[in-house]
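The values are calculated or read from the model by the stated rules, or taken from the named source; none is laboratory data. Fair warning: this is a prediction, and the values are worked out from it, not measured in the lab. Cβ: placed from backbone, ideal geometry, glycine included. Neighbour counts: every protein chain shown.
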């Protein structure tokens with residue numbers, strides 16, 4: 001059986017509907033832009049030895065934590081790997097941070113990858129973590145559920161500031177912090193560094 005990777009994509013979440021509508025109004029739209037995403041790169045590189053499950057989380061443009069929680073748990077019956085790998089990007093990583101600190105997970109996690117997570121609302125503009133905001137006092141509970149925890153951050157991220165990574169690293173000292181200077185919010189087509197770490201999974 002192939003080793004399994006569960007990938008949770010990003011999204012937007014708002015404290016109020018007014019903020020959500022305002023964000024829609026001022027967001028830029030380009031229907032002709034074909035944006036490549038690094039999860040597609042990982043699937044291409046890993047599909048021979050890994051099964052990558054990519055749930056399409058509900059209403060990602062105006063995401064609600066309880067909706068995502070229900071949908072995420074529906075996938076548990078499909079996780080056959082005794083030690084799966086979990087990867088979250090942006091809101092997906094924030095979701096995993098909160099979920100795993102407050103709930104049981106059916107398997108021992110081999111690797112947990114948190115790409116550009118946040119515990120603070122700083123610099124999020126109209127967006128707020130709202131229901132996704134993890135309780136900092138509970139984050140350390142994740143440590144016992146994972147063999148490895150990897151945090152990926154870039155110092156030029158203009159969405160989730162670098163201070164977030166420092167807070168998580170301080171609370172979970174065993175976590176491995178990978179820092180960059182020029183990756184922004186990791187909205188990139190390639191991600192060879194995370195690929196290499198995943199390939200070393202036991």
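Scan the stretch 114-139 for residues that are outside any loop (DSSP other than H, G, I, E, B) and on the phi > 0 side of the Ramachandran plot and the total you get is 1. Take the residues in the stretch 171-202 that are free of Cβ contacts under 8 Å to residues at least 60 places away in the same chain and in a helix (DSSP H, G or I); name whichever of them is nearest to residue 129 (Cα to Cα). Only one residue fits best here, namely 171.
Working only within the stretch 22-61, note down all residues that are touching a residue at least 24 places away in the same chain (Cβ under 8 Å) and in contact with a strand residue (DSSP E or B) (Cβ under 6 Å, 6 or more places away or on another chain). Result: 39, 50, 51, 52, 53, 54.
For (1) surrounded by 13 or more Cβ atoms within 10 Å (Cβ to Cβ); (2) over 19 Å from residue 184 (Cα atoms), each residue gets a yes or a no:
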position	(1), (2)
1	no, yes
7	yes, yes
14	yes, yes
17	no, yes
27	no, no
36	no, no
39	yes, no
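Would it be correct to say that residue 168 is at pLDDT 95 or above, assigned to a strand (DSSP E or B) and either surrounded by 14 or more Cβ atoms within 10 Å (Cβ to Cβ) or in contact with a helix residue (DSSP H, G or I) (Cβ under 9 Å, 6 or more places away or on another chain) (or both)? The answer is no for residue 168.
Where helices (runs of 4 or more DSSP H) fall wholly inside the stretch 1-111, the ranges with 1 or more residues that are within 25 Å of residue 139 (Cβ to Cβ) are 38-46, 65-74, 91-102.
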